[in-house]
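Engineer: Before I ask anything, here is the structure I am working with.
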Amino acid sequence: MTISRRNLLAAAAAGLALLRAEENTTMRIRFLFADQDFTATLEDTQPARELLAMLPLDLTITDYSTNEKIAYLPRKLARDGATRFGNEAPGDLCYYAPWGNLALFHSPYRWSRGLIRLGRLDGGHEPLLTRGEHPLRVEIL
């Protein structure tokens with residue numbers, strides 16, 4: 001079995017990100033799009049740790065429905081934590097497992113099957129009110 005240089009570097013980067021996450025008890029990430037710059041605190045779950053290990057990422061964020069923005073990840077995350085949760089609120093950062101996308105809620109919503117909460121936006125949901133499709137940068141804070 002041969003291991004490509006790209007796969008070896010990706011595995012090393014993921015390992016470093018996980019080590020950084022373990023060193024910090026709080027996992028925080030930063031989002032940048034349009035003129036918006038905001039952060040989120042992740043929950044300590046397997047899907048959130050997998051997202052952290054992928055960073056940095058350059059994605060596209062776009063409006064979906066009337067209450068959220070979405071961005072598709074390059075690969076799917078674990079489905080751990082795919083159970084019903086309550087207290088849904090604007091500012092939730094979620095992962096929608098069936099489609100493999102992040103869902104950032106700026107208006108009220110209800111839980112649906114396959115939705116996994118990854119964390120919460122730190123300063124409120126106002127940055128998500130910027131309409132349209134934009135390049136999105138997601139990085140470890």
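Nothing in this text is a laboratory measurement; each read-out follows from the coordinates by a stated rule. Computed from a predicted model, the values in this text were never measured in an experiment. Cβ placement follows ideal geometry from the backbone for every residue including glycine, while neighbour counts extend to all protein chains displayed.
Engineer: Going through the stretch 98-131 one residue at a time, which ones are under 12 Å from the mean Cα position of the chain (by Cα) and small (G, A, S)?
Structural biologist: Listed by number, the residues that qualify are G100, A103, G119.
Engineer: Looking only at the stretch 59-75, how many residues end up being within 12 Å of the chain's Cα centre (by Cα) and not in a loop (DSSP other than H, G, I, E, B)?
Structural biologist: 6
Engineer: With respect to F38, is the statement that it is part of a strand (DSSP E or B) and among the aromatic types (F, W, Y) true?
Structural biologist: Values: part of a strand (DSSP E or B): yes; among the aromatic types (F, W, Y): yes.
Judged against the criteria, F38 is a match.
Engineer: Hey, among R30, R75, R84, which residue is farther than 14 Å from L128 by Cβ, surrounded by 14 or more Cβ atoms within 10 Å (Cβ to Cβ) and not hydroxyl-bearing (S, T, Y)?
Structural biologist: Checking each option against the conditions leaves just R30.
Engineer: Residue check, D92 against (1) in contact with a His (Cβ under 9 Å, 6 or more places away or on another chain); (2) of a type in the set (D, E); (3) loosely packed, with under 14 Cβ neighbours inside 10 Å, all met but one. Which one?
Structural biologist: (3)
Engineer: Return the total of residues in the stretch 44-61 being crowded, with 16+ Cβ neighbours inside 10 Å and of a type outside the set (A, V, I, L, M, F, W, C).
Structural biologist: Here the count works out to 4.
Engineer: Can I ask one more? Looking for whichever is assigned to a loop (DSSP other than H, G, I, E, B), within 19 Å of T62 (Cβ to Cβ) and in contact (Cβ under 8 Å) with a residue 40 or more places away in the chain here; the options are R137, R131. Which one fits?
Structural biologist: From the options R137, R131, the qualifying one is R131.
Engineer: Between residues in the stretch 38-53 that are without any contact (Cβ under 8 Å) to a residue 40 or more places away in the chain and residues that are among the acidic types (D, E), which pairs lie under 6 Å by C-beta distance while being six or more apart or on different chains?
Structural biologist: Listed pairs, sorted by first residue: Q46/D80.
Engineer: Just to check your reading of the model, which residue among R113, R131 is out of contact with any Asp or Glu (no Cβ under 7 Å at 6 or more places or on another chain) and surrounded by fewer than 12 Cβ atoms within 10 Å (Cβ to Cβ)?
Structural biologist: Answer to the check: R113.
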